[in-house]
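The values are calculated or read from the model by the stated rules, or taken from the named source; none is laboratory data. Given the structure is predicted, the values throughout are model-derived calculations rather than measurements. Cβ atoms come from the backbone with ideal geometry, glycine included; neighbour counts cover every protein chain shown. Note: accessible area is taken over every heavy atom of the protein model, side chains too, but ligands, DNA and RNA are not part of it. Shrake-Rupley method; radii C 1.70, N 1.55, O 1.52, S 1.80 Å.
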Amino acid sequence: MEEVIDYSNTAFVAGLNEVQKIAVLEVEGPVLILAGAGSGKTRVITHRIAHLIRDRQVSPEAVLAVTFTNKASKEMLERVKHLIQEESRGLWVTTFHSMGAKILRKHPEALGFDKNFSIYGPSEQKTLVKAIMKDLNIDPKRYQVKTLLSYISNFKGDNIHPEEAHKEVNDQNIVKVYDKFQSSLKEANAMDFDDLQFHLLTLFEDHPEILEIYQERFEYILVDEYQDTNQIQYDLVKLLSKKHGNVCVVGDEDQSIYSWRGANIQNIINFTSDYSTPDQEVKRYELNINYRCPGNCLRAANLLISNNTQRTTDKQSMIPHKDDGDMLPYFLGFDGHDEARDVCRTILNLQDEGVNLSTAVILYRTHAQSRVMEQQFIREGIPYQIFGGHRFFERKEIKDVLAYLSLLHNAKDSEALYRIINVPARGIGAATLTKLRSFAENHRIPPLLALDGIDTVGAGVQKKLLGFYNFYLEFLDFFHENHSLVDLTRFLLEKTDYINYLRSKDEHERLENIDELINTMAEYEENEENPTLEGYLEKTALVAAIDGFEEDSGLVTMMTLHNAKGLEFDYVFMVGLEEELFPHANSLEDANLLEEERRLCYVGVTRTMKELYLSSARSRYIHGVEKYQVPSRFLREIGDEFIMKV
C-alpha cells in the first residue's frame, strides 16, 4: 500500500489562508485557481513550486511555470530560489515567447532554420512589410502597414498558416503580404515575436518525437494569467500537459483585457469542461480575499464587475482584508484642463504630507489623454514619467548598434544589413539598396554575400559596398577572438565613428542612450552564467514594455489602464471617466467589447492600495473638436454608496 504523506504542516503553507494552503498542496491532476485581484496569487504559485521541489522531491527540470512578462517570471524565479534555498538548475520559469525561443533554438533544422536565427521586433517588421508592399505593387494609401501587421499577428495567434489564410479574408493582397512576409523571414533566418509560439506549435504538431521529449520532461505545468492566453498558447498548454496531466492554471476572467491582441476569455471559463475526464475532475479553488484594496474600494469594484455576464459559474465576490477606508472622491471638471488642475492639487497635497511621488499613478484609457495632464504637471513643477512611450530598445541609435551585432550573429539578417549599411553615411542610397535587394533575391543569396559580387551597380558604388563588406569581415574576426560584448560594441563604435556621427548631429540624449546600452551589456555579462551575443540579442528582443517600469523612480507615473495590469500603487487617479472615452466609443455597439471595457475599469480600480480618485470633464477636445461629455456609465454602476463628489 502506497504511503500517504501529510504535507499540511509544510513550511510552504505557513502564513497562507486556508484556500491558499489547499491550492499549494493539491498538485496532482488539472487544477484551476481563480485568483482575484490582490489575492496573493504569485505567493501561491511560488510556494506551490517550492512544495513540489522540496517536499515532493520533484526534480526542478520536471517543472514548467509560464507567465506573460519577463518582469513576472524574474520575480517568480527569485521568490522560488529564496524559498528552496538550494540549486534550482533546470527549473523553467519563463514566458511563452522565451520558452518558444529556447526550444526552437534546440531544434531549428526541423523547421528549416539555423540555430542563430534573429528575432525581429516592431521596427524590422514594419520595414519588411513596406519592402514587400513595394515589391507587390500594393498601394500604401489603401493599406496601412500597421493594419497588415495586425492581420499577420492575428493569423499566427489563431494558428493559421499562409496557405490557409485565404479562407479567413477575402482580400488577397493581405494573403499575399502574409505569404511573402513569412518566406522573407525564413530567407533571412529570422522570426518575429509571434513566430516564437507559432513555429513552436508547428514544431510540436509536425514532429511528435520532439513533442514527446518535452511532454516527458514537464511533469508539472503551471500557467499564470491564463485568462490572457490566445489559441496558440491554449494549444501549447494542452499538448505539453497531455502525458502527465498535472496542469495548474491561475487567472481571473474579471481581468481579461487583451482580446485585441488575441486573448480568449473562454479559455479560462471553459477550463473545467476542457480538462475534466471521466476519471478525473478539475479541482477548482477561488482565492477571493483581497489584501490590496481598502474595503470601500473593493466593494465598489465588486459592484461594477457584477454587471458582466462572461464569468465562470458561481463566481464569488472578492472579500476585503483591509478596513473600509474613505469613500471614493469624484471630481467633475469644466474641461480636461480643470480636471488636470484638480489632480495636481491633490498630488501636491499628498507631497506636502510626505508621500513619495512614486506611489501615485495617473491611469487613462488612451495615450492621447496624457498631453493635458503633462502640460499641467510641467506648470506645477511636479516630476513625472509617462510609461509606455518609446521603448529603450526601440530607439533609433539602440536599433542601429543592435543591427550591427545581429549581422554578426546571423549573416542572413537582411533587415539588419539594410538598416546600417549607410549608417553612418557611406554614400549608399535607396536606389542602390533596391538593386542590392533584387540581386540577392535573383541569385538566392543573402544580401551580405551579394556585396562581394553585385554587378548591377557602377564601379564607384561597388567600391563602397565592398568597403562595407571588408569592414564586416574585420568586425567578424574581432568577434571570433571572444571579446566581451562591451569590448565588441566599443570596437564597433570606434571603427564606424558612430559616436562622432551622433556628436555632429548634436544628439546628446542619444549619446547617453548608447552609454546606457553598454551598461545593459555589462550587467548582462556580470549576471549571466554563460553570457553570449545570442543570449543578449534574444534578451533585448523579448523585453516587454512592463519590464522597463521603475517602481521607485521618485516620479508620478502616467500610463494607460492596459499597462497598469499587474501593478499596484498607493494612490490611483482614474481620469477621463466619460462615455465614448471610457468605455471607448468602439465598444458601445458590441456587448463583448463593452464587458471588456468594464473589466478594464475593474483592473484600474483594483490597482489601489490606499486611495482611489475618480474624475471626468464636462467638455474635452477630441480630435481637435470640443465635445460635451457624459459621465461614464461605470460611475453609475459603482453607485452613490461608494462615491463622494468633491
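Quick notes on this one:
- When the range 387-410 is limited to residues that are without any contact (Cβ under 8 Å) to a residue 60 or more places away in the chain and not in a helix (DSSP H, G or I), the one that is surrounded by the most Cβ atoms within 10 Å (Cβ to Cβ) turns out to be GLY389.
- Failed item, numbered, when ALA165 is tested on (1) open to solvent by 10 Å² or more (accessible area, probe 1.4 Å); (2) farther than 27 Å from ILE420 by Cβ; (3) free of Cβ contacts under 8 Å to residues at least 24 places away in the same chain: (1)
- Residue count for the range 483-498, restricted to those that are assigned to a helix (DSSP H, G or I) and open to solvent by 40 Å² or more (accessible area, probe 1.4 Å): 4
- Residues (surrounded by 18 or more Cβ atoms within 10 Å (Cβ to Cβ) and closer than 19 Å to LYS81 by Cα) located in the range 28-42: GLY40, LYS41
- Residue that is surrounded by the fewest Cβ atoms within 10 Å (Cβ to Cβ) [pool: residues in the range 600-623 that are over 28 Å from the mean Cα position of the chain (by Cα) and outside any strand (DSSP E or B)]: HIS623
- Unmet requirement for GLN375, which otherwise passes all of (1) touching a strand residue (DSSP E or B) at 6+ places or on another chain (Cβ under 9 Å); (2) assigned to a helix (DSSP H, G or I): (1)
- Looking across the range 257-273, the residues that are on the phi < 0 side of the Ramachandran plot and buried (at least 16 other Cβ atoms within 10 Å of the Cβ) come down to ILE257, TYR258, SER259, ALA263, ASN264, ILE265, ASN267, ILE268, ILE269, PHE271, THR272.
- Only one entry of ASP224, ASP254 meets the criterion of being under 18 Å from the mean Cα position of the chain (by Cα), open to solvent by less than 10 Å² (accessible area, probe 1.4 Å) and touching a residue at least 60 places away in the same chain (Cβ under 8 Å), and that entry is ASP224.
- Filter result for GLU163 (modelled with pLDDT under 95 and touching a helix residue (DSSP H, G or I) at 6+ places or on another chain (Cβ under 7 Å)): no
- Out of HIS480, HIS508, one residue alone is over 19 Å from ASP400 (Cα atoms) and either in contact with a strand residue (DSSP E or B) (Cβ under 9 Å, 6 or more places away or on another chain) or open to solvent by 80 Å² or more (accessible area, probe 1.4 Å) (or both). It is HIS480.
- Near pairs, Cβ below 8 angstrom, 6+ apart or cross-chain, from the range 411-438 (assigned to a helix (DSSP H, G or I)) to any residue that is among the β-branched types (Val, Ile, Thr) and surrounded by 18 or more Cβ atoms within 10 Å (Cβ to Cβ): THR432/VAL461; LEU433/ILE421; LYS435/ILE454; LEU436/ILE454
- Against the test of being surrounded by fewer than 17 Cβ atoms within 10 Å (Cβ to Cβ) and in a helix (DSSP H, G or I), the options ILE174, ILE213, ILE132 yield a single qualifying residue, ILE213.
- Sole residue being at pLDDT 85 or above, more than 20 Å from TYR404 (Cβ to Cβ) and over 21 Å from the mean Cα position of the chain (by Cα), chosen from GLY566, GLY554: GLY554
- If you filter the range 135-162 down to residues that are closer than 17 Å to LEU200 by Cα, assigned to a helix (DSSP H, G or I) and of a type in the set (S, T, N, Q), you find that the one that is most open to solvent (accessible area, probe 1.4 Å) is ASN154.
- Qualifying residue in the range 368-386 (condition: among the aromatic types (Phe, Trp, Tyr), open to solvent by less than 60 Å² (accessible area, probe 1.4 Å) and in contact with a helix residue (DSSP H, G or I) (Cβ under 6 Å, 6 or more places away or on another chain)): yes
- Elements of type helices (runs of 4 or more DSSP H) in the range 1-110, at least 1 residues being without any contact (Cβ under 8 Å) to a residue 12 or more places away in the chain: 18-25, 70-84, 96-106
- Matching option when the condition is modelled with pLDDT under 95, assigned to a loop (DSSP other than H, G, I, E, B) and open to solvent by 30 Å² or more (accessible area, probe 1.4 Å), among GLU626, GLU534, GLU641: GLU641
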